[in-house]
Amino acid sequence: MNGRIVVGGGTGFIGKEVVSLFERLDYEVLVISRKKKAKASENWQVKLEILTDRDEEPLNQNTRSWIDIEEDGLPSGTVAVVNTAGQNVLDPLRRWSPGFKQNVYNSRVNTNHLLAKAIARSKVKPKAFVHMSGVGFYPPGLSVQDENSDGGKHDFLAKLVTDWERAAQLPPEVPTRVVSLRSGVVLGVGGSMGAGSQLMPWIHVKDLASLIAHCVFSECSGVYNAVAPQTVTNKQFVKAFAREMGRPAIIPLPEFVLKAVFGAERASIITQSQNVQPTRTLESGFNFSYPTIKEAAEEFAHIMYIDPDAIENEK
């Protein structure tokens, strides 16, 4: 074993890919689950309100609760901490209410804060703390935005990213590198949204997991955009998937329908253009396996995604 990687949100879509990758790289992976100990106080539960993975599986030897981490700290031998936890912002079954927005906020900001405190308290500091963030930091529009662009102020989600990243920061005397990955849409299966002409930052889930590993193993520090180099519209994205699946592209949903389902503020995530480029990511030496939407669709255009690396690993 090369050491231990602690992954917050390791039972979610992104987290599972991260766990699988590090296990293939011969690391022991410890997943932080939202499952709580029976002795957890109501005050702590309200304070954190972890609603991230909907994980109901019992804790096993490679799983800890968030309360375990708060009370006991990081396990010995931890070489890196990764946080992919976060309530799904675009859950169509949840109304964009003040309570839901607070859950979205807490599941990102509070988990980062808890992990940062655990790192600061640890006797042997991990090499890196890599956490998910979002391109919602950047204002919408057609202008090119990269890691040096301003943002973080124009709406709830932009301010969320600002607080999300701030919560991960460590005292200057702690040598652990902090990496914030501002991710675009992580590829899954879906239909066209809005007019289809809006620019959509995106990344293949395998590239995202690989970028996380790259940031752990390299000397990366600071903000990196986790988006593919190719800029595409939502319509081009859907057509690429439809072509590889041999199915017609789904009729776009009118913007007023999306606003009715998600609320105007939340719907803006999928109806407004963002032209985000991974300038620092490429400068760091990271190579995308799926830099174009055609390459990503060819590998990922399945209703149930089957990881070919995992299949090969089982042989």
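The values are calculated or read from the model by the stated rules, or taken from the named source; none is laboratory data. All figures in this text were calculated on a predicted structure; none of them were measured in a lab. No Cβ is skipped: glycine too gets one built from the backbone with ideal geometry, and neighbour counts run over all protein chains shown. Note: areas computed on protein heavy atoms with side chains; ligands, DNA, RNA excluded. Shrake-Rupley method; radii C 1.70, N 1.55, O 1.52, S 1.80 Å.
Of the residues that sit in the stretch 278-300 and are at pLDDT 95 or above and in contact with a strand residue (DSSP E or B) (Cβ under 6 Å, 6 or more places away or on another chain), which one is farthest from residue 242 (Cα to Cα)?
Applying the filter and picking the extreme gives 280.
Residue under question is residue 82, and the condition is that it be in contact with a helix residue (DSSP H, G or I) (Cβ under 9 Å, 6 or more places away or on another chain) and in a helix (DSSP H, G or I); does it hold?
So residue 82 does not fit the description; no.
Name the pairs: first residue in the stretch 142-153 and under 19 Å from residue 281 (Cβ atoms), second residue in a loop (DSSP other than H, G, I, E, B) and hydroxyl-bearing (Ser, Thr, Tyr), Cβ to Cβ under 7 Å, at least 6 apart or on different chains?
145/138; 149/138; 151/138
Looking at the stretch 134-174 only, could you name the residues that are of a type in the set (Asp, Glu), closer than 12 Å to residue 108 by Cβ and open to solvent by 30 Å² or more (accessible area, probe 1.4 Å)?
Answer for the stretch 134-174, where residues must be of a type in the set (Asp, Glu), closer than 12 Å to residue 108 by Cβ and open to solvent by 30 Å² or more (accessible area, probe 1.4 Å): just 163.
Out of the stretch 90-108, which residues are over 22 Å from residue 31 (Cα atoms) and either buried (at least 23 other Cβ atoms within 10 Å of the Cβ) or among the aliphatic types (A, V, I, L, M) (or both)?
90, 93
Output yes when any residue across the stretch 217-227 is assigned to a helix (DSSP H, G or I) and closer than 27 Å to residue 283 by Cα, and no when none is.
Yes, the stretch 217-227 contains at least one residue that is assigned to a helix (DSSP H, G or I) and closer than 27 Å to residue 283 by Cα.
State all residues of the stretch 213-230 that are of a type in the set (A, V, I, L, M), open to solvent by less than 10 Å² (accessible area, probe 1.4 Å) and touching a Ser or Thr at 6+ places or on another chain (Cβ under 8 Å); if no residue qualifies, say none.
226, 227, 228
Among (1) closer than 20 Å to residue 138 by Cβ; (2) at pLDDT below 95; (3) out of contact with any Phe, Trp or Tyr (no Cβ under 6 Å at 6 or more places or on another chain), there is one condition residue 227 misses while meeting the rest; what is its number?
Condition (2) is where residue 227 drops out.
Output the number of residues of the stretch 109-128 satisfying the condition of being touching a helix residue (DSSP H, G or I) at 6+ places or on another chain (Cβ under 8 Å), closer than 21 Å to residue 2 by Cα and open to solvent by 10 Å² or more (accessible area, probe 1.4 Å).
Within the stretch 109-128, residues that are touching a helix residue (DSSP H, G or I) at 6+ places or on another chain (Cβ under 8 Å), closer than 21 Å to residue 2 by Cα and open to solvent by 10 Å² or more (accessible area, probe 1.4 Å) number 2.
Is it true that residue 267 is within 23 Å of residue 141 (Cα to Cα), modelled with pLDDT under 95, in a loop (DSSP other than H, G, I, E, B) and not acidic (Asp, Glu)?
Taking the combined requirement at face value, the residue does not satisfy it.
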